[in-house]
Every structure is written in C-alpha cells, then in structure tokens.
Amino acid sequence: MKPPPFKYYDPTAQNEVVGLLSSLENLKLLAGGQSLLPMLNMRFVLPDHVVDLNRVAGLDFVEADAGGGLRIGAMTRQRTLEFSADVAARAPLIREAVLHVGHRQTRNRGTLGGSLSHLDPAAELVTAAVALDAVVALRGPAGLRQLAMSEFMLGYMTPATNPDEMLVSVTFPALPAAHGWGFVEFARRHGDFAIASAAATLVTDAQGRISKVALALGGIGVVPLRMPELETGLLGAVASEALFADHCRACATVEAMDDALVTAGYRQQLAPVMARRALMAALQRSGGGAATQPH
Amino acid sequence: MTGASRRAIKLQVNGKPHAAEVDVRLTLADCLRQEFKLTGTHLGCEHGVCGACTVLLDGQSVRACLMLAVQADGRAVATVEGLAGADGKLNILQQAFKDHHGLQCGFCTPGILMTLTECFADKPDLTEQDIRVALSGNICRCTGYQGIVDAAMDALRKMRSLL
C-alpha cells in the first residue's frame, strides 16, 4: 500500500498554513499522522495537497495559566500529555485518558489537536475534552476564535473548523485541586478504540455531598455525550455507588451507534456501567485523597 | 509556498548518513526498505496496527508506515540493522530473544526489538507489567508472547548487571 499522489508542503509559520488553507482546494492538514496516514495508505482520503504541521512553530506546548487551568498546543504529542507534570497536577483525567490511546509507538507521534480534529466519537481525548469543558482555539484569516467543545462538535467526525481555519490550541478550565477524576473504557484489546467509555470529574464537600460533577460518554453516540440532566440530578446528593448506579440507568436510553461489530443495544447496555465506574473512580479520588493511577 | 511531488532528503540511519530523492508520498518504511535497502524493517499491516515496522526516530519508537520519508529529513532513525555489533555479534536483547524462544517466524521481531530498545533506554527499572503494556503495540502470532516477555526480562537483568 502507498498513499495516493499529492503535493506536500511543510510550512514553519501558522500564517503560512492559513494562507495555504485559504488558497488551495482539497487539502488535508497532517498532524501526528496516526489516523491520516492509515487513511491515506488505504486510500480512504485522496487529498490533492497535504500540509504538514510538524515544522510549524508555536503549536507544541503545555502552559499552566495563573487561574489553575491549562492551555495545550494542538501539536502537543500524546506522549507529552502522558508525562507532563502540569497535566498530571491540573487535569489528571487527560493523563488517565491518554494511557488508553493507542500504544507508545503511536502516542510518540499522535497529537492532541489531531485527535480533536479527527473527532472520532470513540477517541479518548475527545471524550476527556468534553468532560473537562475544553475550549478550542481556531486560527483563520481573520484571526483567532474560540469554541466550546459542544459548539466544536457538529456531528460524526465533523468539527466546526472552517476550511480556512486550523486548530491551534485547547484550553482546559481550572478544576478545584481536590476534584476526583475517572476514565474507564470497554475495548476488546488494550489500545483499541473504545466500544464504550466514560469520563467523569467530581467535587464533593466535607459531608460527601456532590457540589460539581461532569460526565461524558464516549464511543456510544456520534459524538461524545454529556449527560446534563444526570449531572444536575446528582448535585447536592451524598455520593455513593448506589446513588450512581441509580442515576446512571438513564445512560441506557441515549441514542447509540450501530455498526457491523457492535449493536446500539450493546452500547446502551455498556453505557450505565461505564458511567457508574467512572463516577466511582472519581469519588475515590475526590477530596484530595491519595490518588492511585493504574497504568 | 509551492508544494512538492518529489524531494531530496538527508537523514542518519543507524548513525550513517543516507540521502535520496523520493516521492513525497513514500512512507519512511518503504524508503528504508526500497531506497536504502534496509529490509530488516518489516511491513505487516501498513496501517499502524501490527507494529512490525517500528523504528526509532530521534530515539522514540514510531510506526515507519505512518510517517512520510520526507518527515524524517534531517532526523536520526534507528532500525534493527543497527542493533548487532559491526562483527555481527547479537546485542544483549537479541541474544536473549534467541535464548528464550522470543521469536519463531521472526516477522514481528524487528519491531519488537526496537520498541524494547526504546523502553530500556527510557526507564531501566521496568517491571514485567511495563513490558507487557509496551508490547501491546506489537502483534506476534507465533510465540504467545511469553518467550518475548522472558527474553525482555532476562535482557533487562543482564543490562542492569553491567551498570
């Protein structure tokens, strides 16, 4: 197998990329290549132009902001997310999610921005970004604009990025230092895309009452799903496995994807289990207790 | 900026300079095999799943089928050909694979050796669990993996004893 013929560009500045995006038709941006290269090799995509982002300046960084949040460049490798002390301290959910992403050989190349732009609904980083209320920054000819994940995801593998825009960074708002987090997934093999996954963050007060909770389901709907009613229903309640099990039953009624290998009904059966386990993992880590990080 | 269909590239492979003029669509794996005649890097699935084509790019393991050769311009690549000594003597890891039945048909072996080479360089205090997680990115259909894990652990012990 080999990719179809295309013209290759490797600019070094973001405005050059935007210029190419504005002037060329049928162009693909090449980030880490861990999804685009298989698609090229198998000729699922036939771009006339491939613009490589690997030499573009200012896209590979993890920046801890003064408010406790994180801003991460689009070309930051998944390996960097795995080993970044700032990520581990401020958004440990990202680190836990990234350990499920492919394998070390693909994480060495794969990027945060590539994963979000590819927008596979089963992708762990997309699911984590949804749970964390991430905000993406897109650069176009008119400058930067920011979009919440909920606005960024238009549909199945369809980001809201305009044809003349590129994803440049992702901001993860601050969470209380004592928040708990959990990411669990069901996949046939370690490193595979999830058949179903769930990401949760949780904040409890001294009495164990839930003051803040976020839950996202991955691999189930056409985009990762937040469960706003379920989240609201948990606020103020004393966290327990029985409470989560009860409320997570609602996850069985979400609209689920059906494909050749996994039926929608199976995904709906997995969803409440994944949700409960993610919330339980988050509960066990909330309150600033000693965190265990399974590899 | 204009796009290219072909490009001249220069890179280090196993410490030696290599140059070629290649189609921009050529993968690094095909470049190693076809342009540089380094056929130790094997191609299994050609879409990033099997791990047979794993090489090191500036010391990090990557799928050579999921990179374009032009992306390796100016970089240092290490392949399985660089592991044995100049006299052909197997290195500690390779010898351990021979001793512990870490291979049968040998097709996946180059990728596995390169993955483990990165792991050992990264973190010398690996556990068996770390080895198994690292090997999850390499598919072997002969050994059942136990021989590979045994070989990796033995090589690790021998390397530590040399420190």
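What are the residues in the range B:75-94 that are more than 18 Å from B:Leu38 (Cβ to Cβ) and either touching a residue at least 12 places away in the same chain (Cβ under 8 Å) or under 15 Å from the mean Cα position of the chain (by Cα) (or both), if any? Walk me through it before giving the result.
We begin by selecting, within the range B:75-94, every residue more than 18 Å from B:Leu38 (Cβ to Cβ); these are B:87, B:89, B:92-93.
Correct list: B:Ile92, B:Leu93.
Would you mention how many residues in the range B:23-55 are among the aliphatic types (A, V, I, L, M), more than 9 Å from chain A (Cβ to nearest Cβ) and surrounded by 22 or more Cβ atoms within 10 Å (Cβ to Cβ)?
Step one: list which residues in the range B:23-55 are among the aliphatic types (A, V, I, L, M), which gives B:24, B:26, B:28-29, B:32, B:38, B:43, B:49, B:52, B:55.
Checking which are more than 9 Å from chain A (Cβ to nearest Cβ) leaves us with B:28-29, B:32, B:38, B:52, B:55.
Next, from what is left, pick out any that are surrounded by 22 or more Cβ atoms within 10 Å (Cβ to Cβ): B:28-29, B:32, B:52, B:55.
Total meeting the criteria: 5.
Pick from the range B:1-22 the residues that are within 13 Å of chain A (Cβ to nearest Cβ) and outside any strand (DSSP E or B): which of them is surrounded by the fewest Cβ atoms within 10 Å (Cβ to Cβ)?
B:Thr2
Name the residue that is surrounded by the most Cβ atoms within 10 Å (Cβ to Cβ), counting only residues in the range A:237-261 that are of a type in the set (Val, Ile, Thr) and in contact with a Gly (Cβ under 9 Å, 6 or more places away or on another chain).
Within the range A:237-261, the subset of a type in the set (Val, Ile, Thr) is A:238, A:253-254.
In the following step, the residues that additionally are in contact with a Gly (Cβ under 9 Å, 6 or more places away or on another chain) were identified as A:238, A:254.
Details: A:Val238: 11, A:Val254: 17.
Once the filter is applied, the top-ranked residue is A:Val254.
I'd like to check something: does the range A:55-67 contain any residue that is within 16 Å of the chain's Cα centre (by Cα) and not basic (Lys, Arg)?
Initial filter on the range A:55-67 (within 16 Å of the chain's Cα centre (by Cα)): A:62.
If we keep only those that are not basic (Lys, Arg) as well, we get A:62.
So far as the range A:55-67 goes, yes, one or more of its residues are within 16 Å of the chain's Cα centre (by Cα) and not basic (Lys, Arg).
Restricting attention to helices (runs of 4 or more DSSP H) lying wholly within the range A:1-118, give those where 2 or more residues are within 12 Å of chain B (Cβ to nearest Cβ) and charged (D, E, K, R).
Values: elements: A:14-23, A:36-41, A:78-83, A:85-90, A:92-98, A:104-107, A:112-118.
Of the helices (runs of 4 or more DSSP H) lying wholly inside the range A:1-118, those with at least 2 residues that are within 12 Å of chain B (Cβ to nearest Cβ) and charged (D, E, K, R) span A:78-83, A:104-107.
Cβ-Cβ under 8 Å, sequence separation 6+ or interchain: first residue in the range A:109-121 and without any contact (Cβ under 8 Å) to a residue 12 or more places away in the chain, partner assigned to a loop (DSSP other than H, G, I, E, B) and aliphatic (A, V, I, L, M). Which pairs?
The qualifying pairs do not exist here.
Quick one: in the range B:153-163, which of the residues that are assigned to a helix (DSSP H, G or I) and of a type in the set (A, V, I, L, M) is farthest from the other protein chains (Cβ to nearest Cβ)? If you could, list the steps in order and put the result at the bottom.
We begin by selecting, within the range B:153-163, every residue assigned to a helix (DSSP H, G or I); these are B:153-162.
From the residues that got through so far, the ones that are of a type in the set (A, V, I, L, M) too are B:153, B:155-156, B:159, B:162.
Details: B:Met153: 17, B:Ala155: 18, B:Leu156: 17, B:Met159: 19, B:Leu162: 24 Å.
The extreme case among them is B:Leu162.
Free of Cβ contacts under 8 Å to residues at least 24 places away in the same chain and among the charged types (D, E, K, R): is that true of A:Glu124 in this structure?
On the way: free of Cβ contacts under 8 Å to residues at least 24 places away in the same chain: no; among the charged types (D, E, K, R): yes.
Spelling it out, it is not the case that A:Glu124 is free of Cβ contacts under 8 Å to residues at least 24 places away in the same chain and among the charged types (D, E, K, R).
Take the residues of the range B:61-74 that are under 14 Å from the mean Cα position of the chain (by Cα) and either of a type outside the set (D, E, K, R) or at pLDDT below 95 (or both): which is farthest from B:Gly3 (Cα to Cα)?
So in the range B:61-74, the residues under 14 Å from the mean Cα position of the chain (by Cα) come out as B:61-67.
Filter again for either of a type outside the set (D, E, K, R) or at pLDDT below 95 (or both), leaving B:61-62, B:64-67.
Numbers: B:Ser61: 29, B:Val62: 25, B:Ala64: 23, B:Cys65: 22, B:Leu66: 20, B:Met67: 18 Å.
Ranking the candidates gives B:Ser61 first.
The values are calculated or read from the model by the stated rules, or taken from the named source; none is laboratory data. What you see is a predicted model, and the numbers here were worked out from it, not measured in a lab. Virtual Cβ from ideal backbone geometry, glycine too; neighbours counted across all protein chains shown.
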